[in-house]
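The values are calculated or read from the model by the stated rules, or taken from the named source; none is laboratory data. Treat the numbers as computed from the prediction; the structure is a model and nothing was measured. No Cβ is skipped: glycine too gets one built from the backbone with ideal geometry, and neighbour counts run over all protein chains shown.
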Amino acid sequence: MRKHNMVFQIVLTCIFIVFCFMINFPFWLLISASLSDANVLAQQGYQIWPKPVDFSSYIYIFKNPGQILNAYGVTFTFSVVSMILSVLLTAMIAYPLSRKHLRGRNIINFYLYFTMLFSGGLVPTYLVVAKYLHLDDTIWVYILPGAVSAWNVFMMRTFFSGIPGEIIESAKVDGASEYKIFATMIIPLSKPVIATIGLMIFLSKWNDWNTALIYITEPKLYSLQYLLQSIMEDINMLKQNPDAAAMMQEMNVPSETIRMAMAVVVAGPALVVFPFFQKYFVKGLTVGSVKG
Amino acid sequence: MKAKKKSALQLKITNKKRKISLSDWQLYSLCAIPVIMIFIFNYIPMFGVVIAFKNYKFNLGILESPWVGLKNFEFFFKSDVFFQLVRNTVLNNALFIVTGMFFAILVAILLFELKSRRSTKMFQTLMITPHFMSWVVAAYMVYAILNPTYGYLNQLLGDFGIEHIDWYSKPNAWPVILTIVSIWKHVGMDCVYYYASLMSIDTSLFEAAEIDGANRFQRIIHIVLPTLIPLITILGIMKIGNIFAADFGLFYTVTQDGANGNLYETTNVISTYVFRTFKDGSLGNSYGLTTAVGLLQSVVGIILVCTTNWAAKRVDKELGLF
C-alpha cells in the first residue's frame, strides 16, 4: 500500500514537471531566439539552444534605448499613479458601503453592480473619453477610465465588513470623524486587501496594450506593450507590400532577433518581479469569489 | 414584557425616521468622487448607446444626429459577417470554456493528490507565469513557434518529414491553436479556485473513505467532485454569460489581426469586428453600426447570465450567482 503510494507520488511529480516545462517552454524559445545570431536564425530557424550565443540584439537595444526607455517611463508612471489612485478611490466607496446602517447603501450597491452587467461598449465610451473629455493622447487616458471597478469595490467591501464594528463605534464615542476613522484606522487595518487590489491593478496596467491601440497616436505616449504591438503591426503591414524586403531595410525595421529581444526586455522584469507577489494574486481570486 | 416590546417597536420606527446624521453625511461625501467617476466613465457611455439607433455624424454629435430606427441592426443581421461572427464567437468560446474548465479541475485535483506542499507551491508558481504576460508578449511567443519559415513547430514537423505549413494562412487550425493558447494562459490561475475549494474539504471524510476501502479513483468521484459542483456551476454561469464577449487580446494580437484577413473565417469574432469597423470607418455609419453590435452583445449577455442563473437555481437553490 505504502510503496504503491510512493510510486504514485513520483509519477505525479514527473507529470507536473513535464507540464510546467511545457508551459514555460515558449518563454524559453523567446529568450533563445533573442540570443541567436540573426543570420544563423535565418538559416536554421528557432533553436532550443542558441549556437553560438550572441548578445548583439541586446547590445543594439541598449545602444538605442530611446523609444523603449521612454515607453518604460510612461508605463511605469501610469501604472504607479493608477495603482495609488484606484486603491484610494475604491476604498473611499467601499468603506461607506461596508457600514450596514447607512441609508441608500443598497442603491449604491446596485449602481455599482449594474456596471458589471451592462456597459456602453467601445464606441460610446470612446466618444465620451476622446471627443467630450479630450483625454485621448494624454497619459490620463490610461488612468481615469475604469479607475473604479465594481469588482474591486465589492472585494474591498467584503474585507471592510470583517473589521469589528466596536472599533469604529468606540472611535466615534471618542469624537473621531468618519474621515479620521477611515484614514487612521480602516486603511492601516486593511493592508492585505489593499496590497492584493493594488498589485492586481498594477499588473493589468503594466500589461495594458489596447488602451493605446484605441486612444493614443502620439509615439511618445506609447505604453510598453503597445510599442511591441505596433512593431508587429508595422511588419505585418509591410509584408503585404511586394517590395517588403527592400522597404524593411529602408525603414530600419528591427530584425527578427532584435524583436524577440525586445519582447524579452518588455516581459522579463515583470516575470521576475510578479511571481514574488503570487500569494496576493491568488488571494485576490479566492476573496473575490465570495458571494455578495 | 409588553412594554418592552412596544419600546422596541418604537425604537424601530424612530430609527427609520432618524435624521441623516453628520457622520452619515461624512460617509456620503467620502464616496461622492468615486460615484461621480463611475457616472462619467460608465453611465454616460450607457446613454451613448442611443447611437445604435442613429446615423452618427461627427459634426452633429450624439444628440443632434438623425434617428434611423432599427436600420443599423437590420444592416448587421443582413450582412454576410453576421453568421460568421456569431458562429466564431460562440463556438470558439464554448471550446475554451469546456476545455479550460476540464483542465483547471484536472490540474487542481492532481495538485491536491500531490502530498508534498513544497512541490505543490513550486508547480503553482511555474504554472502561473503566463498569467503575468500580456497578450502581446504571448503573441510573440506563438509567432516564435508558428512562424512559417523559422518556427519551432515546423522544424519539429520537418524532423518527421512533414513539409513546412504556413499556419498563419490556415484558418481551420486556429480554433485548436487558440484553445491551446487560452488554456496555457489561464490554467494556472483558474485551477486556484478549485484548489482552494478542495483544501476546505474535511479530512475526516477521506479517512472514513479509506477505512471503508475506497480507492483513489472512488474518492475523487464520491468526495472531491461533489465538493466542486457548486463552484463549477458558479464559474460556469459567469463564463456562459460572457460567451459573446470574446477575449479581444487573444483574437486580435495572437492571430496577428487575423493574419491580415487570412484567418477571419474562423477567428473573426464580435469584439474584433467591432474594433476593426470602428478603426476603419469605411462603412458609412460605422459608429452607429458598431454601437448596435455592441448593444446586442451586451443585451444577449445579460439574458444569458439571468437564464443560466435561473436554471442553476432550479436544479439546486444553493447554486447560482444571485
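If I filter the range B:42-51 for residues that are of a type in the set (Phe, Trp, Tyr) and either surrounded by 20 or more Cβ atoms within 10 Å (Cβ to Cβ) or closer than 14 Å to residue A:126 by Cβ (or both), do I get at least one hit?
no
If you go through the range B:253-263, how many residues are assigned to a helix (DSSP H, G or I) and in contact (Cβ under 8 Å) with a residue 60 or more places away in the chain?
Matching residues across the range B:253-263 total 4.
Taking the range B:83-136 as the region of interest, how many residues are farther than 17 Å from residue B:232 by Cα, of a type in the set (Ser, Thr, Tyr) and away from chain A (no Cβ under 12 Å)?
1
Would you check which residues across the range B:138-154 are farther than 10 Å from residue A:26 by Cα and modelled with pLDDT of 90 or more and list them?
Across the range B:138-154, the qualifying residue is only B:139.
Consider residue B:93 against the criteria (1) within 23 Å of residue B:288 (Cβ to Cβ); (2) of a type in the set (S, T, N, Q); (3) crowded, with 16+ Cβ neighbours inside 10 Å: it satisfies all of them except one. Which criterion is unmet?
(1)
Kindly evaluate residue A:80 against the criterion of being touching a Phe, Trp or Tyr at 6+ places or on another chain (Cβ under 8 Å) and surrounded by fewer than 23 Cβ atoms within 10 Å (Cβ to Cβ).
Answer is yes for this residue.
Per-residue answers, yes or no, for (1) among the charged types (D, E, K, R); (2) in a helix (DSSP H, G or I); (3) buried (at least 21 other Cβ atoms within 10 Å of the Cβ):
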| site | (1), (2), (3) |
| --- | --- |
| B:174 | no, yes, yes |
| B:193 | no, yes, yes |
| B:205 | no, yes, no |
| B:210 | yes, yes, no |
| B:214 | no, no, no |
| B:220 | no, yes, no |
| B:226 | no, yes, no |
| B:238 | no, yes, no |
| B:245 | no, no, no |
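Quick check, is residue B:224 of a type in the set (Val, Ile, Thr), over 22 Å from the mean Cα position of the chain (by Cα) and modelled with pLDDT under 80?
no
To keep it simple, each residue is scored yes or no on (1) at pLDDT 90 or above; (2) in a helix (DSSP H, G or I).
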position	(1), (2)
A:172	no, yes
A:175	no, no
A:179	yes, yes
A:192	no, yes
A:196	no, yes
A:202	yes, yes
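I need the full set of residues from the range A:161-182 which are surrounded by 13 or more Cβ atoms within 10 Å (Cβ to Cβ) and either within 12 Å of another protein chain (Cβ to nearest Cβ) or within 22 Å of the chain's Cα centre (by Cα) (or both), in order please.
Correct list: A:168, A:171, A:172, A:176, A:177, A:178, A:179, A:180, A:181, A:182.
Within the group A:234, A:243, which residue is closer than 30 Å to residue A:43 by Cα, at pLDDT below 85 and surrounded by 14 or more Cβ atoms within 10 Å (Cβ to Cβ)?
Of the residues listed, the single one that is closer than 30 Å to residue A:43 by Cα, at pLDDT below 85 and surrounded by 14 or more Cβ atoms within 10 Å (Cβ to Cβ) is A:234.
Residue-by-condition table, conditions (1) within 30 Å of residue B:234 (Cα to Cα); (2) of a type outside the set (Val, Ile, Thr); (3) touching a Gly at 6+ places or on another chain (Cβ under 7 Å):
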position: B:20; (1), (2), (3): no, no, no
position: B:27; (1), (2), (3): no, yes, no
position: B:48; (1), (2), (3): no, yes, yes
position: B:62; (1), (2), (3): no, no, yes
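Any residue in the range A:125-148 that is outside any helix (DSSP H, G or I), more than 17 Å from the chain's Cα centre (by Cα), within 8 Å of another protein chain (Cβ to nearest Cβ) and under 30 Å from residue B:51 (Cα atoms)?
yes
Would you mention how many residues in the range A:37-71 are crowded, with 17+ Cβ neighbours inside 10 Å, within 29 Å of the chain's Cα centre (by Cα) and within 14 Å of chain B (Cβ to nearest Cβ)?
4
Which one of these does residue B:199 not meet: (1) at pLDDT 90 or above; (2) farther than 30 Å from residue B:299 by Cα?
The failed condition is (1).
With respect to the numbered conditions (1) in the same structural domain as residue A:255 (by TED's automatic domain parsing); (2) over 30 Å from residue B:154 (Cα atoms), which one is the sole condition not fulfilled by residue A:111?
Single failed check for residue A:111: (1).
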